[in-house]
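Shown next, in structure tokens, is the structure this report addresses.
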Amino acid sequence: MIRVLIAEDMHMVRGALVALLNLEQDVDVVAEVASGDDILPAARKSQANVAVIDIDLPGKDGLTAATELHEHLPECRTLILTSLGRPGTLRRALAAKVGGFILKDAPADKLANAIRGVAAGRRVVDGDLALAAWDGADCPLTGREIEVLQMAAGGANAVDIAARLYLSAGTVRNYLTTIVTKLNARNRVDAIRIATESGWL
């Protein structure tokens, strides 16, 4: 029997996932959580074999929680569910050592089979997503530029970012100008949109 933890913040979606998986004879849903912060403690307590994790969760996001599970509870494998089929997001998921990555709108039997594959130690990735990631462009931004853009996306202005990164406000503005240029964006907001849609943030 495969012991499964479901991490999904939308109550109705979580209930549907639990109901569908409980129809499978070899799957037992042993825990349900709505926040990324609750995944590791629930996985430990329930001794789950596979954690099915929504990528967008309150608290820790799904990829951060999956990384934490991989580090602290490697016997619990991870399967990321997402409605965002972006190549950059898949590359981030693979870098986080997740066991699988499929779209939320996949048929129920595909989800059950993905759980079985992940539980058996295989890496399960939606075929279309894998091709898109293979073809997708690499991020042109440096680590520092991504850090600056993430803070800007969170609402921080140049002075705030400068204080947090121990830089001058002028240096931060130069970073932001470089980012806009590299991404061929119209402005900072457009750069944030492009980077987010590409899965780089």
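Just so you know, all these numbers are worked out from the coordinates, no wet-lab data involved. Keep in mind that this is a model prediction, so the values were computed, not measured. Neighbour counts are summed over all protein chains in view; Cβ atoms, including those assigned to glycine, are modelled from backbone coordinates with ideal geometry.
A few points about this structure:
- Normalised by the number of residues in region 143-197, the average gap of Cα pairs under 8 Å and 6 or more apart makes the relative contact order 29 percent.
- Here the dipole of the chain is about 540 debye; that uses its Cα centre as origin and unit charges on the Cβ of Lys and Arg (positive) and Asp and Glu (negative).
- Computed [θ] at 222 nm, deg cm²/dmol, the chain (DSSP H ≥ 4; -39,500 (n - 2.57); rounded to nearest 500): -15000 deg cm²/dmol
- Computed Kirkwood radius, in angstrom, where 1/r is averaged over Cα pairs of region 143-197: 10.8
- Lys pairs under 21 Å by Cα in region 2-134, provided they are eight or more residues apart or on distinct chains: 4
- Charged neighbours of Ala185, selected by a Cβ distance under 14 Å, balance to +1 (K, R count +1; D, E count -1).
- Helix 143-153 and the long axis of the chain differ in direction by around 90°, with both axes built from C-alpha atoms.
- Signed unit charges on C-beta, dipole axis of the chain, positive-most listed residue Pro107, Ala66, Leu183: Leu183
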